[in-house]
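Engineer: One structure coming up, written as structure tokens, with questions to follow.
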Amino acid sequence: MSKALDITNALYTLYPEAPCGLHAGDDPYRLFVMAVLSAQCTDERVNAVSVELFKRFPTPLSMAESEEGELEKYIYTVGLYNSKAKSLREACRRIVDVYGGKIPSGMEDLLSLRGVGRKVANLLRGDIFGLGGIVADTHCIRISVRLGLCSKKDPVTVEKELTPLIPTQMQSGFCHRMVLFGREYCTARNPSCEICPLKHLCDTAAN
């Protein structure tokens, strides 16, 4: 626990501000849609596409009622656009029919929405509802194992092992800072171990 807190505090000092890479503001619906679109796509591309997308589909109802082929035209550059459009239409229908047009906060409720896995659910629970949640993306997985916080590169394992180590109120910020740290220092192929500000806390650097 002490090492995890030391790492968390160091990340917060290194990156005082670490907003979500998806520019959804505090809008649960927008973050939900953008998070689904971000699978195998860059945040930059999703942010660019979303400007016109939300002008046309400002609510879950408008997206639920979209005709097949219409939504696809707005998101075709994000990749896997046919399956993502199908997921979003179906999920938005459920949001309207079951949850009154509001994005739910419960884990099981979120997982009942097509296109939503634990990563997206935890992002929403942490960023929108303040409930915490480890977003086990590629950066978080890679860095957590290198630091020695987690035992293997598996999203379920990383979420399970990090959750008791990071204070709930810091989990969302921790994950956003892991993304920044992964891009700046702990890259996938060539980590900058010699100049890394966390090397004194890192198992990989020590070995």
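Engineer: Of all residues in the range 178-199, how many are in a loop (DSSP other than H, G, I, E, B) and either among the aromatic types (Phe, Trp, Tyr) or not assigned by TED's automatic domain parsing to the domain that holds CYS150 (or both)?
Structural biologist: 1
Engineer: For a quick check of your reading of the model, give me the residue pairs whose first member lies in the range 4-25 and is small (Gly, Ala, Ser), whose second is assigned to a loop (DSSP other than H, G, I, E, B), with beta-carbon atoms closer than 7 Å and at least 6 apart or on different chains.
Structural biologist: Final answer for the pair search is ALA4/LEU149; ALA4/LEU165; ALA4/ILE166; ALA10/PRO197; ALA10/LEU198.
Engineer: Please find, within the range 34-47, the residue that is surrounded by the fewest Cβ atoms within 10 Å (Cβ to Cβ) out of those that are closer than 14 Å to TYR81 by Cβ and among the small types (Gly, Ala, Ser).
Structural biologist: ALA39
Engineer: If you check TYR81, TYR99, TYR74, which single one turns out to be out of contact with any strand residue (DSSP E or B) (no Cβ under 6 Å at 6 or more places or on another chain), of a type in the set (Phe, Trp, Tyr) and more than 23 Å from GLY21 (Cα to Cα)?
Structural biologist: Criteria check complete, one pass: TYR99.
Engineer: State all residues of the range 154-207 that are surrounded by fewer than 20 Cβ atoms within 10 Å (Cβ to Cβ) and among the aromatic types (Phe, Trp, Tyr); if no residue qualifies, say none.
Structural biologist: Scanning the range 154-207 gives a single hit, TYR185.
Engineer: I would also like to ask the following. Evaluate the following for SER87: is it more than 23 Å from HIS23 (Cα to Cα) and outside the structural domain of LEU201 (by TED's automatic domain parsing)?
Structural biologist: Here the answer is no, as SER87 does not meet what is asked.
Engineer: Further, regarding this structure: For ALA48, indicate whether it is of a type in the set (Gly, Ala, Ser) and in the same structural domain as CYS175 (by TED's automatic domain parsing).
Structural biologist: Judged against the criteria, ALA48 is not a match.
Engineer: Please count how many residues of the range 143-152 are touching a residue at least 40 places away in the same chain (Cβ under 8 Å) and either within 15 Å of the chain's Cα centre (by Cα) or surrounded by fewer than 18 Cβ atoms within 10 Å (Cβ to Cβ) (or both).
Structural biologist: Qualifying residue count, the range 143-152: 1.
Engineer: Those residues that are over 26 Å from ALA205 (Cβ atoms), surrounded by 16 or more Cβ atoms within 10 Å (Cβ to Cβ) and over 14 Å from the mean Cα position of the chain (by Cα), I need them from the range 1-29; list them, please.
Structural biologist: Scanning the range 1-29 gives a single hit, TYR29.
The values are calculated or read from the model by the stated rules, or taken from the named source; none is laboratory data. Computed from a predicted structure; not experimentally measured. Neighbour counts run over all protein chains shown; Cβ positions are idealised from the backbone, glycine included.
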